[in-house]
Amino acid sequence: MPYPISMTTKIKDQLPLDQLASDLAADAGHAWTKMAEFPGYSRRVWRDEARIHVSEHHPDARVECLPASWDGREGMCFIRRSS
């Protein structure tokens, strides 16, 4: 079942994946700021939802992530629109 998408969320040339994930979580009634950052299981679920949203609704965009840090935390991910 697709999640409702905030009308204020637009894919820009370079948008942090966490921003879209946060918007999707908020639309479903979940507070991103109350989710644990590490290990961050809940945030990972919403990041996955954001990746799915990008692939389904913005085929001209891709998700690119920085390398993981030494402690295993994921690198920051961005949504980039093809030129």
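The values are calculated or read from the model by the stated rules, or taken from the named source; none is laboratory data. None of the values given here were measured: they were computed from a predicted structure. For neighbour counting, all protein chains shown are included, and Cβ atoms are generated from backbone atoms with ideal geometry for every residue, glycine included.
Kindly list, by first and then second residue, each pair from a residue in region 53-65 that is acidic (Asp, Glu) to a residue that is at pLDDT 90 or above, limited to pairs with Cβ atoms under 6 Å and residues at least 6 apart or on different chains.
Going by the 6 Å Cβ cut-off, the qualifying pairs are Glu64/Phe78.
Since Glu56 meets every condition but one in (1) surrounded by 11 or more Cβ atoms within 10 Å (Cβ to Cβ); (2) modelled with pLDDT of 90 or more; (3) not aliphatic (A, V, I, L, M), which condition does it not meet?
Result: Glu56 passes all but (1).
Conditions first: (1) surrounded by 10 or more Cβ atoms within 10 Å (Cβ to Cβ); (2) within 16 Å of Pro16 (Cβ to Cβ). Thr33 passes all but one, so which condition is the exception?
Of (1) surrounded by 10 or more Cβ atoms within 10 Å (Cβ to Cβ); (2) within 16 Å of Pro16 (Cβ to Cβ), only one is false for Thr33: (1).
Out of Ala50, Ala68, Ala26, Ala36, I need the residue that is at pLDDT 85 or above and either in a loop (DSSP other than H, G, I, E, B) or out of contact with any helix residue (DSSP H, G or I) (no Cβ under 9 Å at 6 or more places or on another chain) (or both). Which one?
Step by step, each of Ala50, Ala68, Ala26, Ala36 is checked, and only Ala36 is at pLDDT 85 or above and either in a loop (DSSP other than H, G, I, E, B) or out of contact with any helix residue (DSSP H, G or I) (no Cβ under 9 Å at 6 or more places or on another chain) (or both).
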